[in-house]
Amino acid sequence: MREQSCYPVQTFKNRNDIFDLIGSEVADSEVLYLEFGVYQGESMRYWSDLLKNPASVLHGFDSFEGLPENWGHGHPKGRFSTGGALPEIADNRVQFFKGWFNETLPKYSLPSHQRLVINIDADLYTSTKYVLDILGERIEIGAWLYFDEFSDWQHEFRAFREFIRDTGMRFQAIAECNGLYNIAFRRIA
């Protein structure tokens, strides 16, 4: 992180404050909001309210069957399952893509948009790495990346560090909370 000059500019008390900061810059634009790891839809609901432009699109990707493998912190395979049930969100801009990322992402085409916001709440290294590798160059300059468990050095952090190394992309850390547990970056080069 030091090599990339990725020091967060602001520290907040909770992740919704980070969402609000991003929203203050993009809310009126035609945003493509991608969420990886939806669970019960709490973040998706928040972003649905935050994004004001009726042309914005919110797409959530999740198996809704829980973690595909064991994750430290006492979370066994299957944790975060909703039994396959999708969250109910009363916003016709929201669409869910049910399945494992390696099943849904290869068939997915990014819709037209002015701004891109990606929420990675994939928890695991393998899942996070897959999302970043598949999206790759579609993460244009100015795009926002938010990680929900970034401080786990062997998972989301590791995948992002490898992504930066492999692509040469540069990101600026904009805001964090909970000791880097939640963090937002903007691509700058």
Under the helix-only model (-39500 (n - 2.57) for each DSSP H run of 4 or more, divided by the residues of the chain), the mean residue ellipticity at 222 nm, to 500 deg cm²/dmol, is -7500 deg cm²/dmol
If contacts are Cα pairs under 8 angstrom and at least 6 residues apart, what is the relative contact order of the range 10-187 in percent? 24
Non-local residues with an amide H under 5 Å from the amide H of residue 82, with H modelled 1.01 Å from N and Pro and chain starts lacking one, are 65, 66
Fewest to most Cβ atoms within 10 Å: 81, 24 sort as 24, 81
Tally the DSSP beta bridges in the chain and give the antiparallel ones as a percent, rounded to 5. 35
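According to the square roots a ≥ b ≥ c of the eigenvalues of the Cα gyration tensor, what is the shape class of the chain, taking rounded for a/c under 1.5, prolate for a/b larger than b/c otherwise, and oblate for the remainder?
It is rounded, given that a/c, with a ≥ b ≥ c, falls under 1.5.
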Rounded FRET efficiency, nearest 0.05, which uses the C-beta distance separating residue 52 from residue 170 and R0 of 45 Å: 0.95
In what sequence, highest mean first, do 153-160, 63-70, 124-131 appear when ranked by Cβ atoms within 10 angstrom? 124-131, 153-160, 63-70
Phi-derived 3J(HN,Hα) across the range 59-71 with the Karplus relation (6.51, -1.76, 1.60, θ = phi - 60°), rounded Hz, x for Gly and Pro, is 10, x, 10, 6, 6, 6, 10, x, 4, x, 7, 5, 10
Phi-based couplings in Hz for the range 151-163 (Karplus 6.51, -1.76, 1.60; Gly and Pro marked x): 6, 7, 4, 8, 10, 4, 4, 4, 4, 5, 4, 5, 4
Cross-link candidates for residue 77: which lysines have Cα within less than 23 Å, leaving aside residues fewer than 8 places away along the same chain? 98, 129
If I take R0 = 35 Å and measure r between the Cβ atoms of residue 10 and residue 107 in this structure, what FRET efficiency does the formula 1/(1 + (r/R0)^6) give, to the nearest 0.05? 0.40
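No lab work stands behind these numbers, since they all come straight from the coordinates. What you see is a predicted model, and the numbers here were worked out from it, not measured in a lab. Using ideal geometry, Cβ is built from the backbone for each residue, glycine included, and neighbour counts are taken over all protein chains shown.
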